[in-house]
Amino acid sequence: MTFLKIAFLNMIKHPKRSFLVIFVVMVSVVAMIFIGGMFEGMRTRFYETLLQESGHLQVHNVAYKNRKEPESLQHTLEDPQQFTGYLTSQVEIMHAEAIIHFGTKILYKGKNLFILGQGVHPDTAYYGKVRSGIVEGGFLSSNEDILISSRIAELLGCSPGEYLHLAVDRSYGSPYYQDYRVKGIFKTDSREFDDYNIFITHADAQETLYLPDQTIKIRANISDPALTEEFKKKHQSWFSAHHAEIETWKDIHGSFVVLIELFDFFMLFMNIFILVVAATVITNTILMSVFERIGEFGTLRSIGLKKHHIFSMILSEGVCQGIAGGILGLAFGIPLLLWVSQTGIDMGEAADAMKMGSTFPFAFSFSNTLAAFLFGIGVSVAGSVYAGFVNIRLKLIDTLRAS
Amino acid sequence: MALISMNNINKDYTLGKTTIHAIKGVSFEIDRGEFLSVVGPSGCGKTTLLNIIGCIDKPTEGTVLFEGTDIATLSDNMESELRLKKIGFIFQSFNLIPVLNIFENIELPLIVGKVPKSERKKRVAYLVKAVGLEEFAAHKPDELSGGQRQRVAIARALVNKPDLVIADEPTANLDSVTGNTVLELMEKLNREEKVTFIFSTHNPEVMKYAHRIIHLKDGTISEVKSNGGRP
Ligand SMILES: Nc1ncnc2c1ncn2[C@@H]1O[C@H](COP(=O)(O)OP(=O)(O)O)[C@@H](O)[C@H]1O
Ligand SMILES: [Mg+2]
């Protein structure tokens, strides 16, 4: 206990030196929490937003891949209910619903726009950012409702309640017009998304496009996204028998999955960088502070303290400073992270290109934060273990001569 | 049996290609209860000799027997134990722990020796009184004068009731009046507590106190004087 007390008093006696160690630990912990939060945010954004849009798995006609154009109405799924029914009867599947994408032209007062139409159920579990991004009016509720983005609304000069026309090529090839009433106007964090998407109900899409009892895709969410591949393997044969196949989120977002893995790698690299810098500074500071007192440690040994006493004194200083720095790091890092994770950091259009919105997302993760905290303490402990070893390897006579 | 028995001690320091023979063939014994002084000009080897006796340095040649045990055979931890329980050190520059107060500085060796708290308090209080620092017990070393600090160091050296107290020029950093009071205190503790002292000094009045004086010159004993007339 007295050694702890001496260690503690020593830290108070030399506040500048102790503060330096504590400060470096704190900064490293904050940096790690911040960087960890950024990558966690991207991961979360990826899983929540991107997968929220695409689902964890999609089912479509086996020949869907052979379609001539992306928004072609060829190779549809017959009887969507049999697929959603089969999927939802599996315990792992949380949700399944049919979605129709189609190319269309919006016509309003002599203006027209080529755009992507999405036929979704009014209670869709997907496109949460559209539902939560409604700035005027409401979400789809009944037939002939259409949702457009605020940018499109501005471009066309139309507002909720007004009618516009959708021009489509029906499934058998003939052109067709249908009036839709603007039910709501949305704004998401992605300009690209807003510029190219409008929403109508799935039933309207079936009717307008003439896809009776058909759909383009089924999207489904699974309780644990990690099980998706396994699920695909297990149920492949049933879907093949029904002229359908499963695409997992890894198949759908292949390049983004690589990107996320790259993020992990990059984060590891950043953390190693912080580790090296922090470890160097902390170890040097601790070494300096130990060498300043080398004569004092010599005195202690000459009055009968054993090497392990000296070692534990130096170590307890390191532990105290590490814990103090770690706690301060948490005290600054967590609020900072929570603050930036509310809005994210606006990175402009460049980030939008990654389909993750223009703001850099941040998210709090308990394990990242704990890792940063332990890392701070660990570096400081490692630094003092090193300083302690250097110290006790000196001969007593040499340490005394230093005083 | 002598408390300490030094047999043909040699100590060489190598500095590059030159070898300094700091101690050359020194042999003598220290008896229990002695108040023994080592004197000699600067550089004659006093510090080297005392460090060898105190297990702080090792001789190049020769043996030191502490109560008949060759200290060269002791492990690191046994050496620490010896320094803790059987030897007390008093340094020229006091070497107190700056962050601990006087009471705590004196108490430290007892804590290391795992002496129970109540016993510690009694022993430290007794020594604080014996060295005349009752009023300063709660002060930090840097609030004390040199003479007072050296008295703290003496109390710390004595706290574990050692068999031998080694003091290397304990008065060198003190003015002569203060130096004398420190020597007087050591002498009094030697008489009353029966502690064996070996100390080096430049103080010319050492004859008044020491039982025996070993004169060192160029690493060898040039003369040993016994002081039969000591009070
Ligand atoms: N660490 C050392 N390295 C080299 N020479 C030393 C060392 N310590 C002491 N000496 C030399 O040994 C001799 C004795 O030194 P020391 O014991 O300190 O003498 P004293 O204490 O009587 O002044 C001196 O010549 C000194 O220069
Ligand atoms: Mg000397």
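Observations, loosely collected:
- Subset tally (residues that are among the hydrophobic types (A, V, I, L, M, F, W, C), in contact (Cβ under 8 Å) with a residue 40 or more places away in the chain and either at negative phi or facing chain A (nearest Cβ under 8 Å) (or both)) for the range B:61-95: 8
- Scoring residue B:198 on the criteria (1) within 14 Å of chain A (Cβ to nearest Cβ); (2) under 16 Å from residue B:31 (Cα atoms); (3) within 16 Å of ligand 1 (Cβ to nearest atom) leaves a single failure, condition (1).
- Qualifying position, being surrounded by fewer than 21 Cβ atoms within 10 Å (Cβ to Cβ) and in contact (Cβ under 8 Å) with a residue 60 or more places away in the chain, among A:325, A:295, A:333, A:318: A:295
- Of the helices (runs of 4 or more DSSP H) lying entirely inside the range B:21-131, those containing at least 3 residues that are within 16 Å of ligand 1 (Cβ to nearest atom) span B:46-53.
- Residues of the range B:1-19 satisfying the condition of being within 16 Å of ligand 2 (Cβ to nearest atom) and loosely packed, with under 14 Cβ neighbours inside 10 Å: B:13
- Count - residues of the range B:184-231 that are charged (D, E, K, R) and within 14 Å of the chain's Cα centre (by Cα): 1
- From B:173, B:180, B:190, B:203, residue being within 14 Å of chain A (Cβ to nearest Cβ) and either within 29 Å of residue B:24 (Cβ to Cβ) or away from ligand 1 (no atom under 16 Å from the Cβ) (or both): B:173
- Selection count, the range B:164-183, where residues are under 15 Å from the mean Cα position of the chain (by Cα) and surrounded by fewer than 20 Cβ atoms within 10 Å (Cβ to Cβ): 1
- Condition met for residue B:17 (within 16 Å of ligand 1 (Cβ to nearest atom) and either over 27 Å from residue B:208 (Cβ atoms) or out of contact with any helix residue (DSSP H, G or I) (no Cβ under 9 Å at 6 or more places or on another chain) (or both)): yes
- Residue match in the range A:375-391 (condition: under 30 Å from residue A:47 (Cβ atoms), surrounded by fewer than 21 Cβ atoms within 10 Å (Cβ to Cβ) and at pLDDT 90 or above): yes
- Here residue B:38 meets the list (1) within 14 Å of chain A (Cβ to nearest Cβ); (2) within 16 Å of ligand 2 (Cβ to nearest atom) almost entirely, failing just condition (1).
The values are calculated or read from the model by the stated rules, or taken from the named source; none is laboratory data. Quantities reported herein were computed from a predicted structural model and do not represent experimental measurements. Note that we place each Cβ from the backbone using ideal geometry, even for glycine, and neighbour counts take in every protein chain shown.
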